[in-house]
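Enquirer: Take this structure, written in structure tokens, and hold onto it; I'll ask about it next.
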2 protein chains.
Amino acid sequence: MEAAKDANLQLNYYQKEDQVLLAVDCIIFGFDKEDLKILLVKRNLEPEKGKWSLIGGFLKKNENLDQAAVRVLKTLTGLSDIYMEQLHTYSNVDRDPGQRTISVAYYALIDVNAHRFGDIQMDSANWFDVKKAPHLIFDHNEMVQKAIARLRRRALTKPIGFELLPEKFTMRQLQTLYESILDKKLDKRNFINKINSLDVLVKLNEKDMTVSRKGSYLYVFDKEKYEKKVEEDGFNFKI
Amino acid sequence: MEAAKDANLQLNYYQKEDQVLLAVDCIIFGFDKEDLKILLVKRNLEPEKGKWSLIGGFLKKNENLDQAAVRVLKTLTGLSDIYMEQLHTYSNVDRDPGQRTISVAYYALIDVNAHRFGDIQMDSANWFDVKKAPHLIFDHNEMVQKAIARLRRRALTKPIGFELLPEKFTMRQLQTLYESILDKKLDKRNFINKINSLDVLVKLNEKDMTVSRKGSYLYVFDKEKYEKKVEEDGFNFKI
DNA sequence: ACAAAAGTGTTTGTCATACACCCATGA
DNA sequence: TCATGGGTGTATGACAAACACTTTTGT
């Protein structure tokens, strides 16, 4: 076990030198009628001051990364109780030209309309269509690409799309959401048949009259039913 | 952008306090005739001295995490040129009772028989059947579980299973490998039909005579062909 | 009456699954 | 000759994909 002993020596030896700054960066997804969007902010410190960036912050001693991500999101946007998932850890030596920093990327899904952005000044923050996002600092574009790929896979196998919609939504909204996530058109009848066959939505006796004259029925996602099906039947959500 | 300014102040304020030790831990998978295995070592330092553990080490200032993972694997086993993938970052405050440490888990796939374990003393390291692994220190069992789940998904959609086999292998070996990864029996004819339909193996004029009297044909994975298919036809490897 | 979106089933093709016998060889 | 693993094809069912017309209602 000599090798492990060396590692141990390294631990002692490098105890100070090898400590690094750990950051958390958040890719915040939203959905606004038609398009999948991400929330970006204008960085107001050097280096790269004035450039578009993901929101981020640093890990504190008394919290784990999930908690740091929640805190960062809450601090910078006022939002809490949000779906978040760890994505990947980025560690290139020169990724941040200011200082060696390791960044753990998270992505978040939020219902754009249900939240007020109290703490954020919207002149220095903006929603961008994911397909038209500007160039971002450091490796943030790479993070965004990975987040989109992950969201695509997740949305096909877990009921996380609903996190991006209002509590009550129409079938058309749900379809448009999936079309924007997958970046391809879906067949209306096949989509509705598939969703209905999953049997996790409740159709309300209530219509959204804002889009068409006829109006379209509203649905809600029945989370309890979904979880019960998963537990009892090993149900697999699959779009 | 007041909030971001606060974050900036925190950066300056916490520049020293908030630095943390970053470790890399490796789940090393191997396949030995019948079973999927992981390589574990006996820890020889406190805390938890003598307990089974993943191999690990600390990130250095002049390398990124991928390089650290490669280095740790090389240092502790003598192996290089190995398939590795970042898995997840573990950060609970008290995960390591000795000192606050964040650990980035990687998993590696190795061909057990093609490598000599020069630097490792096998009395303090051992291959364990993944289904019979002992209790591990810290959150290492959790890491192993996540690695198995990831390997399962990856092996179904990317040709990484071959990393666990000798260069030349029989259909039966390949099938047994997948059975051990997926932890379920597969139908022999269906499996062979599916593999053949993928059209990325080359059947050699050479038989493995060590198992049966009849002998069974050896195959090799044609990586160039696979990559060409992916690039030209958007081919999807799918078991 | 017409424009605009909502709502609704069937057919077809593809892919996954289930399944059983003969072959080659060494002992 | 027999025991052992190797090798091979077809039939069925399930699910995915393609596809067009009627309904409702406000203007």
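Enquirer: Averaged across A:71-78, how many Cβ atoms of other chains sit within 10 Å of each residue's Cβ atom?
Expert: On the way: counts 0, 2, 0, 1, 5, 6, 1, 1.
Mean shielding count: 2.
Enquirer: So for the pair A:ILE239, B:ASN193, with labels modelled 7 Å out along Cα→Cβ, what separation do we get in nm?
Expert: Label at A:ILE239, label at B:ASN193, 3.2 nm between them.
Enquirer: Please report the residue of chain A with the smallest beta-carbon distance to the A-to-B rotation axis, and give that distance in Å, no decimals.
Expert: Here the value is A:GLN19, 2.
Enquirer: List the residues whose amide H sits under 5 Å from the amide H of B:TYR90, counting only those 5 or more places along or on another chain, with H placed 1.01 Å from N in the peptide plane.
Expert: Sorted by chain and number, the residues that satisfy this are B:SER103, B:VAL104, B:ALA105.
Enquirer: I've got another one for you. Sort A:102-115, A:44-57 by the packing proxy (mean of other Cβ within 10 Å over each peptide's residues), most packed first.
Expert: A:102-115, A:44-57
Enquirer: Which residues of the stretch A:33-70 bury at least 50 Å² of accessible area once all protein chains are present, versus their chain alone (1.4 Å probe)?
Expert: Output list: A:ASN44, A:LEU45, A:PHE58, A:LEU59, A:LYS60, A:LYS61, A:ASN64.
Enquirer: So if I take the centroid of the Cα atoms in the stretch A:206-224 and the same for the stretch B:38-109, what is the distance between those two points in Å?
Expert: 51
Enquirer: What residues qualify as long-range amide H neighbours of B:ASN44, i.e. H under 5 Å apart, gap of 5 or more or another chain, H built at 1.01 Å from N?
Expert: Under 5 Å from the amide H of B:ASN44 lie the amide H atoms of B:GLY50, each far enough along the sequence or on another chain.
Enquirer: Averaged over peptide A:94-101, how many Cβ atoms belonging to another chain are found within 10 Å of each residue's Cβ?
Expert: Working: counts 1, 1, 0, 0, 1, 2, 3, 1.
Per residue, the average neighbour count from other chains is 1.
Enquirer: Next up: Would you mind checking the tilt of helix B:140-157 against the longest principal axis of the Cα atoms of chain B, expressed as 0 to 90 degrees and rounded to 10?
Expert: So the inclination is approximately 40 degrees.
Enquirer: Using a probe of 1.4 angstrom, how much of the accessible area of the protein assembly as shown is carbon and sulfur, in percent?
Expert: Carbon and sulfur together cover 47 percent of it.
Enquirer: Another question about this same structure. Would you calculate the volume per residue, in Å³, of the smallest convex hull containing every Cα atom of chain B? Don't skip to the end; give the middle numbers.
Expert: Details: hull volume 42.3 nm³, N = 239.
Per-residue hull volume (Cα only) is 177 Å³.
Enquirer: How many square angstrom of accessible surface are buried between B and A, both sides summed, with a 1.4 Å probe and rounding to 100?
Expert: Numbers: alone 14470 and 14480 Å², together 24650 Å².
By this definition, chains B and A bury close to 4300 Å².
Enquirer: Want the number for B:ASP66 to B:LYS225: 0.36 nm per residue separation, take away the alpha-carbon distance, what's left?
Expert: Extra length from B:ASP66 to B:LYS225 when fully extended: 54.5 nm.
Enquirer: One decimal, nm, shortest first: give the distances between the label point of A:VAL202 and those of the same position in the other copies, each label point 7 Å from Cα along Cα→Cβ.
Expert: From this label point to the equivalent ones elsewhere in the assembly: 6.1 nm.
Enquirer: Quick check on the protein assembly as shown: helices-only [θ] at 222 nm, where DSSP H runs of length 4 and up contribute -39,500 (n - 2.57) each and the sum goes over total residues. Nearest 500, please.
Expert: Estimated from H runs of four or more residues: -10500 deg cm²/dmol.
Enquirer: Give me the percent relative contact order of chain A, please, defined on Cα pairs under 8 angstrom at least 6 residues apart. Could the numbers behind the result be given before it?
Expert: Working: 349 pairs, mean separation 47.0, N = 239.
It comes to 20 percent, rounded to a whole number.
Enquirer: On to the next question. Can you tell me how much longer the chain between A:THR157 and A:LYS214 gets when fully stretched, taken as 0.36 nm per residue apart minus their C-alpha distance, in nm with one decimal?
Expert: 17.3 nm
Enquirer: Taking chain B as the reference, fit the longest principal axis to its C-alpha atoms, fit the long axis of helix B:2-13 to the helix C-alpha atoms, and give the angle between the two in degrees, 0 to 90, nearest 10.
Expert: 80
Enquirer: Something else about it: Checking a compactness column here: for the stretch A:77-166, what do you get for Rg(Cα) / (2.2 N^0.38 Å), N being the number of residues?
Expert: Dividing the Cα radius of gyration by 2.2 N^0.38 Å gives 1.20.
Enquirer: Rank these by accessible area, largest first, 1.4 Å probe: B:MET171, A:MET209. Spell out each step's value before the answer.
Expert: Numbers: B:MET171 20, A:MET209 110 Å².
From most accessible down to least: A:MET209, B:MET171.
Enquirer: With everything on Cα atoms, drop me the angle between helix B:171-182 and the longest principal axis of chain B, reported from 0 to 90° to the nearest 10.
Expert: 30
Enquirer: Using a 1.4 angstrom probe, figure out how much accessible area the protein assembly as shown has per residue, in square angstrom, rounded to the nearest whole.
Expert: 52
Enquirer: State, in angstrom, two size descriptors of the stretch B:20-155 derived from its alpha carbons: Rg to one decimal place and Dmax to the nearest whole number.
Expert: 14.0, 42
Enquirer: In units of 2.2 N^0.38 Å, what is the alpha-carbon radius of gyration of the protein assembly as shown?
Expert: 1.09
Enquirer: Give the nm distances, rounded to one decimal, from A:GLU231 to the matching residue in every other copy, measuring between label points 7 Å along Cα toward the beta carbon; shortest first.
Expert: From this label point to the equivalent ones elsewhere in the assembly: 5.1 nm.
Enquirer: Assume the label is 7 Å from Cα along Cα to beta carbon: what separations in nm does A:LEU156 have to the matching positions in the other copies?
Expert: 1.1
The values are calculated or read from the model by the stated rules, or taken from the named source; none is laboratory data. Note that the structure is predicted; figures quoted are calculated from it, not measured. So basically every Cβ, Gly included, is an ideal-geometry build from the backbone, and we count neighbours across all protein chains shown. Keep in mind that these areas ignore ligands, DNA and RNA; they rest on the heavy atoms of the full protein, side chains included. Shrake-Rupley method; radii C 1.70, N 1.55, O 1.52, S 1.80 Å.
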